[in-house]
Amino acid sequence: MLGNEPEISGFFRSNLLAVRKAICQQDFKKFSALESDAERVAFVLSYTEAHELPLEVEKPMVKDRDSAIRLKDIGNKFFGRGEFTKALETYSNAALLAPSTELSIILANRSATLYHLERHEYALADIEEASLLGYSKDLIYKLEERRARCLLGLKRHDEAIEAFRRALQALDDARIPLKRRQKFEADIRMMLAVMDKGKRLNEAATKNPSRVHSKQKSNVRLEDKLIPKKERNPVYPACSRAVEIKDDGGDIGRHAVATRKIIPGEIVIVERPHCAFLLAETRLTHCHLCFMRIFVPTPAACRTYSCVAYCSRRCRDADAQVHSQECKLLPALWYSKASVTCFLALRTITQRPFEEVMKLKEQFRDPGSALKISAENPYRGDDYINTFYNLVTHEDRRLPEDIFHRAYMATWLFRLLRSSNYLPENVKTADSADSRLSDEELFIAGLLLHNLQLLQFNSHEISELVRLKGQKTLTKTKSVFIGGGVYPTVAMLNHSCNPGVIRYFIGTTMIVRAVRTINAGEEISENYGPIFTTTPESERKRKLRVQYWFDCNCEACSGHWPLLDELDPTILRFKCETGSSCGNVLMVKSDTNEFMIGCAKCGKSMNILKGLKALQDTDALFKVASTNLEEGRNEHALKAYFEILKLLDETLALPIRDYHICQQGVRLCSLALGNTAYI
């Protein structure tokens, strides 16, 4: 989880101190007595010092025609020398900077590079975009011919024929010498004749059903693929039916419990974020919407800013409405080095139209309008009032100074939002200490402060596994933080220093997978950062107390488990066969010659031969997993690791050195199934 990420960067510090200094002790007592978030932000805004921090930056990442043309010319030189990879990178940089008047020719040039690199799908996307942007009519013939050749490369012959025909028609507008025109036309007509003959042969062949092979793209959503609808919890649809959400109140609060035995490797939660945001350093390498690493960047639809990129036209168009509200805000946010929680606090608002946010205000006025979570009204991650808003904020435990710091940040975020076109002009007030906020402004300001409080405890890092190009193994890989998101269902899972699940990401979708056997009725816990295998107990407890405000009492802490390196591999920990009614652990030396061991607690003797046999089986499986891992067959390695965990869970009690080493292998292989980058 993101935890107590520092929100006060150097950009804010001196102004924060100035605002705090301006508030006398008596007035700060008044602030401390305020009960609503809206009142707290309004209080801070009533001080002149709170309006002194700038909302604009000197270099706001705007489009730059001259730089785009310069980069395009450099790209042309690389292309002319056959250095297509360098040409692609240069054209892409030019595209991000180019105003719409220059973009079509840059995309057309990039499509030629992509064609030579045999990246036909990407080339087709650029060709289509260049056409839509008004590519020069006298050059359309070249674009259509390139489209046709890309379609041929993809074996889409019927579409290629149509593109070749459009290229012939476009010759009427071409400004080229007669001889060149005649040659171009002759080449295309010859190509069409060959393709027409091939088409007739194919049509004859397809009359034999046994020779027809059709590939259809699956339209199944990722969630449905990993947890089919019939296997989902009807009340908490991000979860499988193996997961139940309970609320015991107190320190435990809402938490997840297994409804049946969950085996290692089972996917128990698949959840899309309520909102997500990229880190500043990944804004041009990853898609602003889906977070996938970009091969060929698609510029944002706005005509002013060059601060983000998309992986495709599809993502760009899907994000166009939200980006139109946010684009003016982004340069100042990135320049300020505000934390990702600040971006998320804003995104929860800007991803909804202003009118929709105002409807929330009416729902807050009528508490009875909030629907009780049920199969008829399931817990949906995109629901602000019934889901996101009700995540824990611990407001009742916050000190006045803590609330003031967050109110100060909410104040700047509100001023920034008000400077954009998100709020209608008729509800905006002047950016001065003398202005009284409108009701609409007060509501949004209050939401921002509420969001900042809950995001401290309920946001997650979104990661990507970085691998070396050409390397099969995962030995030198690294999990990298690329953004943050809010996952309302996963946010209800409590922490354990020996978690029952791991998580990884496909785009922004979080996959939660069991990493050990979880029995029916047992809590399903995740890990907030400190884990017993690598972090001493005292340090784990300190971090959790500081960041998440609780004292950890998980089995690893209450049992004072040693670090992984300190676990004795010569000691085997057998579960007493009596079961949970006894719950004792029998400590046995690995080189023992005894097969019958007595339990000191219940007095029953048990035969450990079965357990020793299971250990032998796991040794063989571990070799299989290691071999597969070395040869890059990660899914096969994962399967072997899960079998090891199942076998060990049957007879042995944690902690076990080999068991936790196996879990580390599971985590690495699972990360490789998600977001991955090759560098």
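The values are calculated or read from the model by the stated rules, or taken from the named source; none is laboratory data. Because the structure is predicted, anything quoted here is derived from the model rather than measured. Note: ideal-geometry Cβ built from the backbone for every residue, glycine included; neighbour counts use all protein chains shown.
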ask   = Which residues, taken from the range 192-240, are at pLDDT 85 or above and in contact with a helix residue (DSSP H, G or I) (Cβ under 6 Å, 6 or more places away or on another chain)?
value = L192, M195, S240
remark   = Picking from L55, L71, L88, L117, the residue that is of a type in the set (A, V, I, L, M, F, W, C) and either modelled with pLDDT under 95 or assigned by the TED database to the domain that holds M409 (or both) would be L55
query = Restricting the range 275-327 to residues that are buried (at least 20 other Cβ atoms within 10 Å of the Cβ) and among the charged types (D, E, K, R), which is farthest from H460 (Cα to Cα)?
reply = R316
task = State whether one or more residues within the range 601-617 are modelled with pLDDT of 95 or more, surrounded by fewer than 20 Cβ atoms within 10 Å (Cβ to Cβ) and basic (K, R).
result = no
inquiry  = Restricting to the range 219-244, give me the number of residues that are surrounded by fewer than 15 Cβ atoms within 10 Å (Cβ to Cβ) and among the polar types (S, T, N, Q).
reply    = 1
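Considering only residues that are of a type outside the set (A, V, I, L, M) and out of contact with any helix residue (DSSP H, G or I) (no Cβ under 8 Å at 6 or more places or on another chain), look in the range 468-486 and name the one that is nearest to E281 (Cα to Cα).
Within the range 468-486, the subset of a type outside the set (A, V, I, L, M) is 469-473, 475-479, 481, 483-485.
Retained after the next criterion (residues that are out of contact with any helix residue (DSSP H, G or I) (no Cβ under 8 Å at 6 or more places or on another chain)): 469-471, 475-476, 478, 481.
Details: K469: 21, G470: 25, Q471: 25, T475: 25, K476: 22, K478: 17, F481: 10 Å.
The extreme case among them is F481.
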ask   = Considering only the range 225-284, how many residues are without any contact (Cβ under 8 Å) to a residue 12 or more places away in the chain, under 21 Å from A514 (Cα atoms) and in contact with a His (Cβ under 9 Å, 6 or more places away or on another chain)?
value = 1
query = Given (1) touching a Phe, Trp or Tyr at 6+ places or on another chain (Cβ under 8 Å); (2) in contact (Cβ under 8 Å) with a residue 12 or more places away in the chain; (3) not in a helix (DSSP H, G or I), where does A112 come up short, assuming only one miss?
reply = (3)
key: Scope the range 483-503; condition surrounded by 22 or more Cβ atoms within 10 Å (Cβ to Cβ) and part of a strand (DSSP E or B); matching residues   = G483, G484, G485, V486, V501, R503
query = Quick one: what pairs do we get from the range 545-565, first residue in contact (Cβ under 8 Å) with a residue 12 or more places away in the chain, second part of a helix (DSSP H, G or I) and buried (at least 17 other Cβ atoms within 10 Å of the Cβ), C-beta under 6 Å, 6+ apart or different chains?
reply = C552/K541; C552/L544; C557/E537; L564/H660
ask   = Does the range 519-534 include one or more residues that are surrounded by 23 or more Cβ atoms within 10 Å (Cβ to Cβ) and either in contact with a Cys (Cβ under 7 Å, 6 or more places away or on another chain) or closer than 30 Å to E631 by Cβ (or both)?
value = yes
remark   = Turns out the helices (runs of 4 or more DSSP H) fully within the range 323-418 with at least 1 residues that are over 24 Å from the mean Cα position of the chain (by Cα), over 19 Å from Y487 (Cα atoms) and of a type outside the set (S, T, Y) are 354-365, 400-418
key: Residues satisfying the stated conditions in the range 317-352, i.e. in contact with a helix residue (DSSP H, G or I) (Cβ under 8 Å, 6 or more places away or on another chain), without any contact (Cβ under 8 Å) to a residue 60 or more places away in the chain and charged (D, E, K, R)   = R352
ask   = So, of the residues in the range 637-656 that are touching a Pro at 6+ places or on another chain (Cβ under 9 Å) and among the acidic types (D, E), which turns out to be farthest from T627 (Cα to Cα)?
value = D649
ask   = Does I511 satisfy the criteria of being β-branched (V, I, T), under 26 Å from S459 (Cβ atoms), in contact (Cβ under 8 Å) with a residue 24 or more places away in the chain and not in a loop (DSSP other than H, G, I, E, B)?
value = yes
inquiry  = Let me spell it out: the conditions are (1) farther than 26 Å from K261 by Cα; (2) without any contact (Cβ under 8 Å) to a residue 40 or more places away in the chain, and V486 meets all of them except one. Which number is the exception?
reply    = (2)
query = Which residues, counting only those in the range 8-33, are in contact with a helix residue (DSSP H, G or I) (Cβ under 6 Å, 6 or more places away or on another chain) and closer than 11 Å to F404 by Cα?
reply = L16, V19, F31, S32
request  = Would you be able to say whether some residue in the range 356-379 is over 17 Å from P488 (Cβ atoms), surrounded by fewer than 13 Cβ atoms within 10 Å (Cβ to Cβ), touching a helix residue (DSSP H, G or I) at 6+ places or on another chain (Cβ under 6 Å) and at pLDDT below 90?
outcome  = yes
V257 vs. criteria outside the structural domain of Y122 (by the TED database) and closer than 28 Å to V666 by Cβ = yes
request  = Evaluate the range 192-202: report whether one residue or more is surrounded by 15 or more Cβ atoms within 10 Å (Cβ to Cβ) and either of a type outside the set (F, W, Y) or within 45 Å of the chain's Cα centre (by Cα) (or both).
outcome  = yes
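One line per residue, one yes/no per condition, for (1) touching a His at 6+ places or on another chain (Cβ under 7 Å); (2) in the same structural domain as S32 (by the TED database); (3) more than 30 Å from T533 (Cβ to Cβ):
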{"residue": "T411", "(1), (2), (3)": "no, yes, yes"}
{"residue": "L417", "(1), (2), (3)": "no, yes, yes"}
{"residue": "D439", "(1), (2), (3)": "no, yes, yes"}
{"residue": "G470", "(1), (2), (3)": "no, no, yes"}
{"residue": "T475", "(1), (2), (3)": "no, no, no"}
{"residue": "T489", "(1), (2), (3)": "no, no, no"}
{"residue": "I502", "(1), (2), (3)": "no, no, no"}
{"residue": "G507", "(1), (2), (3)": "no, no, no"}
{"residue": "R513", "(1), (2), (3)": "no, no, no"}
